[in-house]
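Here's the structure, in structure tokens; my notes come after.
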Amino acid sequence: MSVLTVCGNGIGSSLMLKMKIEEICAENGIDAQVESIDFNAAQGRKADLIVTVKELAEQFEDKNVAVVRSYINKKKIKEDILEALKQAAQ
């Protein structure tokens, strides 16, 4: 399964989110390739799941998007996307 973590510009916050998602996947037995990417680059990419904040999520049409409240708080990230990760992995 491919997962993109997306931030507005640069890759700092999406890189932190990528690492948290990799930890969550490992803890839950989910096989995922996670890549951090900026918003513009993500527009043309295919992925099983895109993870980003609400402000950016609304701009991804016809894609499977999970919204997180935080790029760094692992507990909140897990609450926000664990079900979406499990569904995308099926």
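The values are calculated or read from the model by the stated rules, or taken from the named source; none is laboratory data. Everything numeric here is computed off the predicted structure, so don't read it as measured data. Methodologically, a virtual Cβ is constructed for each residue, glycine included, from the backbone with ideal geometry; neighbour enumeration extends over all protein chains shown. Please note that ligands, DNA and RNA were not included when accessible areas were found on the heavy atoms of the full protein model with its side chains. Shrake-Rupley method; radii C 1.70, N 1.55, O 1.52, S 1.80 Å.
Only one of the numbered conditions (1) outside any loop (DSSP other than H, G, I, E, B); (2) in contact with a Ser or Thr (Cβ under 7 Å, 6 or more places away or on another chain) is violated by ALA47, and that is (1).
LEU49 fulfils the conditions (1) open to solvent by 50 Å² or more (accessible area, probe 1.4 Å); (2) touching a helix residue (DSSP H, G or I) at 6+ places or on another chain (Cβ under 6 Å) except for a single criterion, (1).
Within the set LEU56, LEU15, LEU4, the sole residue that is in contact with a helix residue (DSSP H, G or I) (Cβ under 8 Å, 6 or more places away or on another chain) and assigned to a helix (DSSP H, G or I) turns out to be LEU56. Residues in the stretch 50-76 that are in contact with a Ser or Thr (Cβ under 6 Å, 6 or more places away or on another chain) and in contact (Cβ under 8 Å) with a residue 24 or more places away in the chain: VAL51, TYR71. All told, VAL3 meets the bar of being in contact (Cβ under 8 Å) with a residue 60 or more places away in the chain and crowded, with 17+ Cβ neighbours inside 10 Å.
Could you check, for the stretch 21-31, whether at least one of its residues is more than 17 Å from ALA89 (Cβ to Cβ) and surrounded by 12 or more Cβ atoms within 10 Å (Cβ to Cβ)? No, every residue in the stretch 21-31 fails to be more than 17 Å from ALA89 (Cβ to Cβ) and surrounded by 12 or more Cβ atoms within 10 Å (Cβ to Cβ). With the structure loaded, tell me whether ALA66 is open to solvent by less than 80 Å² (accessible area, probe 1.4 Å), assigned to a helix (DSSP H, G or I) and of a type outside the set (Ser, Thr, Tyr) or whether it fails that test. In short, no. Is it true that LYS75 is basic (Lys, Arg), part of a helix (DSSP H, G or I) and open to solvent by 80 Å² or more (accessible area, probe 1.4 Å)? Answer is yes for this residue.
For the stretch 18-39, residues that are touching a residue at least 12 places away in the same chain (Cβ under 8 Å), out of contact with any Gly (no Cβ under 8 Å at 6 or more places or on another chain) and in a helix (DSSP H, G or I) total 7.
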